[in-house]
Structures are given as C-alpha cells and as structure tokens.
Amino acid sequence: DQQVKQNSPSLSVQEGRISILNCDYTNSMFDYFLWYKKYPAEGPTFLISISSIKDKNEDGRFTVFLNKSAKHLSLHIVPSQPGDSAVYFCAASARGGSQGNLIFGKGTKLSVKP
Amino acid sequence: ETGVTQTPRHLVMGMTNKKSLKCEQHLGHNAMYWYKQSAKKPLELMFVYNFKEQTENNSVPSRFSPECPNSSHLFLHLHTLQPEDSALYLCASSQDPAGSYNEQFFGPGTRLTVL
C-alpha cells in the first residue's frame, strides 16, 4: 500500500509556462515533505521541503504548497526551463517515527519543451 | 571529493558471484542509507545506519549484507543474487535521522545487473 502517491507518471510543459507536479499521501503522521529531482545516471538531488506547520514554501522558481486537510502537496515551477526536464520525486517523513525515514513516491517525469 | 560518492557506477555479476558496493560521504553526516530503485517503483529503503549502528533493516533478504565501519563509509556486500535484484542501488546520508527534519543527500548510484 503506497503511502506517497504521484499519480502522473509524466508531464510535458512548454518552456516559460508553469509546471505543476502533484503528490498525495495517506499517512496523517507525516509532518515533513520534500521534493527531489533526478537526472538520468545521477542520484536524486534535494530541491525544496516544507514542514506541516506551513502551507507554502518558496525558493526562487520553485514553490511547494501543502494542503493538510486534503493530504496533498504540489510543486510549482515557474517559469519552466528545458534544464528542469528530469524525474521529480515527492517524499514524506514522520518526525520521530521510524527514525525519520523518508517514504518516496514513484516519481513524475517532467519534460520542458523549448 | 565532495558530497556522496559510490563505486562502482556499473556492475554486472552472475548469480554465484560475490561483490561489494561502496559508498563514501564527505559531508560530516551521522546517518547513512541504502536504497533500491527498480523500474517503475518508488525508492525502497533497505538499511539505515545511525552513528555506525544499524537501526533499520527493511525486510531485506540475507543475500544483501550491509557494513558500516565508520560514519563516512558504507558497504553493501552481495552474494548469490537473483536476476530480479537488478536495479539501481542508491546510497544517501543525512545529518541525523532521529527526531529531526531529515534531508538526505544521495550518491549517483550503482547500476547492478544480475545475469
């Protein structure tokens, strides 16, 4: 049973437009959420995170929104650039539980077309 | 060297072979992890080491044997693997996994093929 779900395996966006990647979770104990980006032949790279006490965190072109009541978070990239083309993983953890281990989604492959 | 490094980057082995994967972190972190990534599956946590002590074994078969001699080095010893063990094996580290927000830093992975 997947606790972190990324229901869209892929997303294609035009350069300059907004990319929105979605993630749903089932475990109400999760209180910290992260997004990772992965290029082929490389390990995942941390992108941005949010704790459950916030509903928004922004870092440059990247913004993560958290809707706790819906158990949903999203990553907005604006404006999208071709270099953003990668697989994006959503991850969640419950602080103090299971040693803070991360539970990952399957990932969404983003393609940004010039 | 900076960050998290893994060797080898690619490994092909037969089912009767014994091999080891190596991970080294240069971040001064106290926790290290092994993950398995199979095609079209989420990253699966295999082992967690905190201050050189194994704190989690996520029901991993005994043909995978981890070793953590110090906080900077982590090994995964492989023996009598099966073809379904072919996957990308990722190592990660974090400052402290227990009771704190847990940003993990990943290595590039070892692409393992079992024939």
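The table below gives the values:
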| quantity | calculated |
| --- | --- |
| Relative contact order computed over chain B (Cα-Cα under 8 Å; 6+ residues apart), in percent | 36 percent |
| Straight-distance crosslink candidates among lysines, where the alpha carbon sits under 24 Å from A:K109 and sequence neighbours closer than 8 are dropped | A:K5, A:K37, A:K38, A:K56, A:K71, B:K36, B:K40, B:K41 |
| GNM top mover of A:S51, A:S93, A:S69 - chain A, alpha-carbon springs below 10 Å | A:S69 |
| Kirkwood estimate for chain A, i.e. one over the average of 1/r between Cα atoms, Å | 14.1 Å |
| Heavy-atom accessible area order for A:I53, A:I48, largest first, 1.4 Å probe | A:I53, A:I48 |
| Relative contact order for chain A, counting Cα pairs under 8 Å that sit 6 or more residues apart, in percent | 37 percent |
| Area hidden from solvent between A and B (accessible, protein heavy atoms only, 1.4 Å, total, Å²) | 1900 Å² |
| Beta bridges per DSSP with both ends in chain B, % antiparallel, nearest 5 | 90 percent |
| Carbon and sulfur %, accessible surface of chain B computed with the full protein complex present, 1.4 Å | 50 percent |
| Under the Karplus curve 6.51 cos²θ - 1.76 cosθ + 1.60, θ = phi - 60°, whole-Hz ³J(HN,Hα) for the range B:104-115, x wherever Gly or Pro sits | 9, 10, 9, x, x, x, 10, 8, 9, 10, 10, 9 |
| Semi-axes of the equivalent ellipsoid for the protein assembly as shown, Cα gyration tensor, largest first, Å | 30, 20, 16 |
| Relative contact order, percent, the range A:1-55 [alpha-carbon distance under 8 Å, six or more residues apart] | 28 percent |
| Reciprocal mean inverse distance between Cα atoms of the range B:9-115 - Kirkwood radius, Å | 14.0 Å |
| As computed over the range B:1-41, the Cα convex hull volume per residue (Å³) | 116 Å³ |
| Total charge dipole magnitude, the protein assembly as shown, about the Cα centre, Cβ charges on Lys, Arg, Asp, Glu only, Debye to nearest 20 | 540 debye |
| Heavy-atom accessible area per residue - chain A, 1.4 Å, Å² | 48 Å² |
| Centre separation in Å (Cα based) which lies between the range A:23-82 and the range B:23-81 | 25 Å |
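The values are calculated or read from the model by the stated rules, or taken from the named source; none is laboratory data. Only a predicted model underlies this, so the values are computations on that prediction, with no experimental measurement involved. Cβ: placed from backbone, ideal geometry, glycine included. Neighbour counts: every protein chain shown. Quick note on the areas: whole protein, heavy atoms, side chains included, nothing else; ligands and nucleic acids left out. Shrake-Rupley method; radii C 1.70, N 1.55, O 1.52, S 1.80 Å.
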